[in-house]
Amino acid sequence: MKKFGVIGFPIGHSMSPFIQKELFRLRGIEAEYEKYEIPPERLKEEFSKTLSKLDGFNITIPHKIAIMSCCDHIDEIAAEYGAVNTVVKRDGRFYGYNTDAYGFLKGLEFSGIPLEGKVLVYGFGGAARTLITESLKAGCEVTVGTTADRKAQAEPVVAELADKNGKRIRLVTNEEITEAYDLLVHASPVGMYPKVGVSPITAEQVDLFKQVYDIVYNPVDTELLKIAKEKGKVCGGGLSMLVCQAMRGQTHGLGVEFTREEAATVIERSAKELERVFGK
């Protein structure tokens, strides 16, 4: 029996085991899938001791960049985005992939949100890098948002992505989010379980956006999405992105494909499971 897993820190909130097992069931695949909570300072040690024995694993916050040094080969897309969220073992070698872009674009489709115009991507971590790049590739005018105390950390990331894509990217702090945008893409951990009930921006600032897509999936309705829905904004949540990412990951690892209808079914089942387990 094949063995897979997901790594992160913290990882208690993860829905990946449920989603992956649903996908295994759809294709009649017998496989195990477990969660591995690994602090950043122990990643290399745990890779040698535990992860290297798996057939593959998924990666979430905060390991998407650091895990690249453990891979023997980085897929062209993952190299472009500077982050890996799926690792597959073949013949004793480890291949790193990035399915964030695929999941993001499919998630926007499910939500009826076009990727166009002025876009503010809030956050600058592993997932955010991919969403920023995809927005630039779609021809959007991109701004990156962060808190004032993290601006210095964000600056080199934004400069690197601007140089790599040959495009201008603005960087603003929360206090500088004062103009209108077509879309807010939230790509930071703010509002994620267990620290729910908080939004990365104020309710007044949400008024500046026509559409809001939050890649946080637990809870399904984040504080940001609750505010946006109350204001009548077109909204989308991260569960659709997560399911589509997982499907793409299984394509890389097991060579299986899934339909849009199957994706919709797994998204619905995952939302019910989230409510059952977390009451969200």
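The values are calculated or read from the model by the stated rules, or taken from the named source; none is laboratory data. Remember, it's a predicted structure, so these values are computed and weren't measured experimentally. Every residue, glycine as well, gets a Cβ built from its backbone with ideal geometry; the counts of neighbours run over all protein chains shown. Only protein heavy atoms, including side chains, enter the accessible area calculation; ligands, DNA and RNA are left aside. Shrake-Rupley method; radii C 1.70, N 1.55, O 1.52, S 1.80 Å.
Some observations on this one:
- Any chance Q250 is polar (S, T, N, Q) and touching a Ser or Thr at 6+ places or on another chain (Cβ under 6 Å): no
- Among the residues examined, K44 qualifies as more than 13 Å from H252 (Cα to Cα) and not hydrophobic (A, V, I, L, M, F, W, C).
- Residue list for the range 122-134, restricted to those being surrounded by fewer than 23 Cβ atoms within 10 Å (Cβ to Cβ) and either acidic (D, E) or touching a strand residue (DSSP E or B) at 6+ places or on another chain (Cβ under 7 Å) (or both): E134
- Hits in the range 85-104 - residues which are crowded, with 24+ Cβ neighbours inside 10 Å and of a type in the set (D, E): D100
- Looking across the range 152-197, the residues that are open to solvent by less than 70 Å² (accessible area, probe 1.4 Å), in a loop (DSSP other than H, G, I, E, B) and not hydrophobic (A, V, I, L, M, F, W, C) come down to G166, E179, S188, P189, G191, G197.
- Checking G28 against (1) open to solvent by 40 Å² or more (accessible area, probe 1.4 Å); (2) assigned to a loop (DSSP other than H, G, I, E, B); (3) in contact (Cβ under 8 Å) with a residue 24 or more places away in the chain, the condition it does not meet: (3)
- Just one residue in the set G107, G112 is within 27 Å of T259 (Cα to Cα), within 20 Å of the chain's Cα centre (by Cα) and surrounded by fewer than 18 Cβ atoms within 10 Å (Cβ to Cβ); that residue is G112.
- Tallying residues that are surrounded by fewer than 21 Cβ atoms within 10 Å (Cβ to Cβ) and among the polar types (S, T, N, Q) within the range 135-151 yields 1.
- Of residues in the range 45-96 being in a helix (DSSP H, G or I) and of a type in the set (G, A, S), the one nearest to A127 (Cα to Cα): A78
- Count of residues meeting criterion [surrounded by fewer than 17 Cβ atoms within 10 Å (Cβ to Cβ) and either part of a helix (DSSP H, G or I) or under 17 Å from the mean Cα position of the chain (by Cα) (or both)] in the range 253-280: 13
- Top-ranked residue of the range 198-229 - restricted to ones that are out of contact with any helix residue (DSSP H, G or I) (no Cβ under 7 Å at 6 or more places or on another chain), buried (at least 20 other Cβ atoms within 10 Å of the Cβ) and aliphatic (A, V, I, L, M), ranked as farthest from I113 (Cα to Cα): L224
- Residues (open to solvent by less than 50 Å² (accessible area, probe 1.4 Å), among the polar types (S, T, N, Q) and under 21 Å from A128 (Cα atoms)) located in the range 31-75: N58, T60
- Any hit, the range 235-254, residues being under 23 Å from F4 (Cα atoms) and basic (K, R): yes
Each row is one residue, and each column tells you yes or no for (1) without any contact (Cβ under 8 Å) to a residue 60 or more places away in the chain; (2) closer than 23 Å to K151 by Cα; (3) touching a strand residue (DSSP E or B) at 6+ places or on another chain (Cβ under 8 Å).
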site	(1), (2), (3)
G166	yes, yes, no
S188	no, yes, yes
K195	yes, yes, no
A203	yes, yes, no
D221	yes, no, yes
L225	yes, no, yes
A264	no, no, no
I267	no, no, no
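For every residue, the table says whether it meets (1) touching a Ser or Thr at 6+ places or on another chain (Cβ under 7 Å); (2) closer than 21 Å to T133 by Cα.
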{"site": "Y181", "(1), (2)": "no, yes"}
{"site": "P189", "(1), (2)": "no, yes"}
{"site": "Y193", "(1), (2)": "no, no"}
{"site": "A203", "(1), (2)": "no, no"}
{"site": "P219", "(1), (2)": "no, no"}
{"site": "Q245", "(1), (2)": "yes, yes"}
{"site": "E257", "(1), (2)": "yes, no"}
